[in-house]
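Participant: Starting off with a structure, shown below.
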């Protein structure tokens with residue numbers, strides 16, 4: 001399965017990635033997306049796949065997620081499970097965070113947007 005891909009400094013990168021997504025559309029993917037960055041702009045496109053694996057499948061939970069925050073535009077995708085997601089989500093809600101998705105990936109965006117320093121250190125300490 002093709003989870004993540006990055007192609008830099010190629011004007012045809014989006015075409016290459018789209019071709020790969022189309023090739024994989026029958027491989028039980030519930031949704032797919034692509035973020036394109038260039039000329040100081042970031043745009044995210046996403047759609048539902050051909051296979052629905054959950055009754056909660058919806059475009060709102062399709063990744064990548066993109067936000068604009070004090071650190072500029074951020075786009076993130078995550079393939080896996082954040083085991084203590086509900087504990088972290090409750091902590092963030094108490095601090096005033098607003099959630100738009102039901103995916104655990106959204107907490108990564110909150111950490112990125114509010115990080116003061118090295119993002120990797122912030123996330124690592126929060127997930128343990």
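Participant: Within the stretch 53-94, can you find the residues that are free of Cβ contacts under 8 Å to residues at least 12 places away in the same chain and in a helix (DSSP H, G or I)?
Facilitator: 86, 87, 90, 91, 93, 94
Participant: Shifting gears a bit: Looking at (1) surrounded by fewer than 16 Cβ atoms within 10 Å (Cβ to Cβ); (2) free of Cβ contacts under 8 Å to residues at least 40 places away in the same chain; (3) under 24 Å from residue 45 (Cα atoms), which is the only condition residue 110 fails?
Facilitator: Answer for residue 110: the failing condition is (1).
Participant: Among (1) modelled with pLDDT of 75 or more; (2) under 24 Å from residue 111 (Cα atoms), which single condition is residue 4 missing?
Facilitator: (1)
Participant: Still on this model: Which one of 17, 51 is modelled with pLDDT under 85, over 14 Å from the mean Cα position of the chain (by Cα) and surrounded by 17 or more Cβ atoms within 10 Å (Cβ to Cβ)?
Facilitator: 17
The values are calculated or read from the model by the stated rules, or taken from the named source; none is laboratory data. These figures come from a predicted structure and were not determined experimentally. No Cβ is skipped: glycine too gets one built from the backbone with ideal geometry, and neighbour counts run over all protein chains shown.
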